[in-house]
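S.K.: Take this structure first; my questions come after.
The values are calculated or read from the model by the stated rules, or taken from the named source; none is laboratory data. Given the structure is predicted, the values throughout are model-derived calculations rather than measurements. Please note: Cβ atoms are built from the backbone with ideal geometry, for glycine as well, and neighbour counts cover all protein chains shown.
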């Protein structure tokens, strides 16, 4: 049976692997963002070092799921901004492999952002994933419930998350935990990778 515990710095490689392997709408997409190492530095490390209430589900020493959260966007921004120039330089120098796929992905993130809920009402946000081989065992529900309880104990008044209309299992999970759909918008972000635009959604929950 999987053990839920706070995520630690030592979990960075395992969380990065799982996050990177589910980056294409829950599926592998190594051509979308080839470097697992860069993915971890940009999208995982800020949460482990400046986020809050991050959790992992571990069984026999293997990370089967995680939830990465932040009680405010500002903490992540202050961590990542001063590191971006060096990361970009290393990327352009080829330290993470061919620069073009990574630059394309990052540029599209800036050009085609998904909808957001007001940060003053929903300051916290989260990312969650469960290894496909461990899905259907309630790990996602357990991780999310533990995360929400942690936010409540910290006095956070609201949380938001982003997903897509295509992720029906995740949407059912969020609804079961009291989240509601706040806004949705068709986005061309995934079109080059998925074959067509995808409906991006933001879900919220008052705590």
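S.K.: State which residue is surrounded by the most Cβ atoms within 10 Å (Cβ to Cβ) when the search covers only the stretch 1-12 and only residues that are at pLDDT 95 or above and touching a strand residue (DSSP E or B) at 6+ places or on another chain (Cβ under 9 Å).
M.R.: Restricting attention to the stretch 1-12, the residues satisfying the condition of being at pLDDT 95 or above are 4-12.
Within this subset, residues satisfying the condition of being touching a strand residue (DSSP E or B) at 6+ places or on another chain (Cβ under 9 Å) are 4-8, 11.
Numbers: 4: 16, 5: 12, 6: 11, 7: 23, 8: 11, 11: 20.
The selected residue is 7.
S.K.: Further, regarding this structure: Taking into account only those residues within the stretch 135-159 that are under 22 Å from residue 1 (Cα atoms) and without any contact (Cβ under 8 Å) to a residue 12 or more places away in the chain, which is surrounded by the fewest Cβ atoms within 10 Å (Cβ to Cβ)?
M.R.: Applying the filter and picking the extreme gives 136.
S.K.: Right, something else. Which of (1) modelled with pLDDT under 95; (2) under 29 Å from residue 151 (Cα atoms) does residue 29 not meet, given it meets every other one?
M.R.: For residue 29, the failing item is (2).
S.K.: Kindly indicate whether residue 206 is surrounded by fewer than 16 Cβ atoms within 10 Å (Cβ to Cβ), at pLDDT 95 or above and within 16 Å of residue 122 (Cβ to Cβ). First the steps, then the outcome.
M.R.: Working: surrounded by fewer than 16 Cβ atoms within 10 Å (Cβ to Cβ): yes; at pLDDT 95 or above: yes; within 16 Å of residue 122 (Cβ to Cβ): yes.
Yes, satisfied.
S.K.: Please give the helices (runs of 4 or more DSSP H) falling wholly within the stretch 32-134 in which 3 or more residues are over 14 Å from the mean Cα position of the chain (by Cα) and exposed (fewer than 15 other Cβ atoms within 10 Å of the Cβ).
M.R.: 73-80, 84-92, 99-111
S.K.: Next question, about the same structure. Determine which single condition residue 140 fails, assuming it passes every other condition in (1) within 15 Å of the chain's Cα centre (by Cα); (2) within 24 Å of residue 59 (Cα to Cα); (3) not in a helix (DSSP H, G or I).
M.R.: Going through (1) within 15 Å of the chain's Cα centre (by Cα); (2) within 24 Å of residue 59 (Cα to Cα); (3) not in a helix (DSSP H, G or I) one by one, residue 140 breaks only (3).
S.K.: While we're here: Residue check, residue 183 against (1) in a helix (DSSP H, G or I); (2) touching a residue at least 12 places away in the same chain (Cβ under 8 Å); (3) over 17 Å from the mean Cα position of the chain (by Cα), all met but one. Which one?
M.R.: Evaluating residue 183 over (1) in a helix (DSSP H, G or I); (2) touching a residue at least 12 places away in the same chain (Cβ under 8 Å); (3) over 17 Å from the mean Cα position of the chain (by Cα) leaves (1) as the failure.
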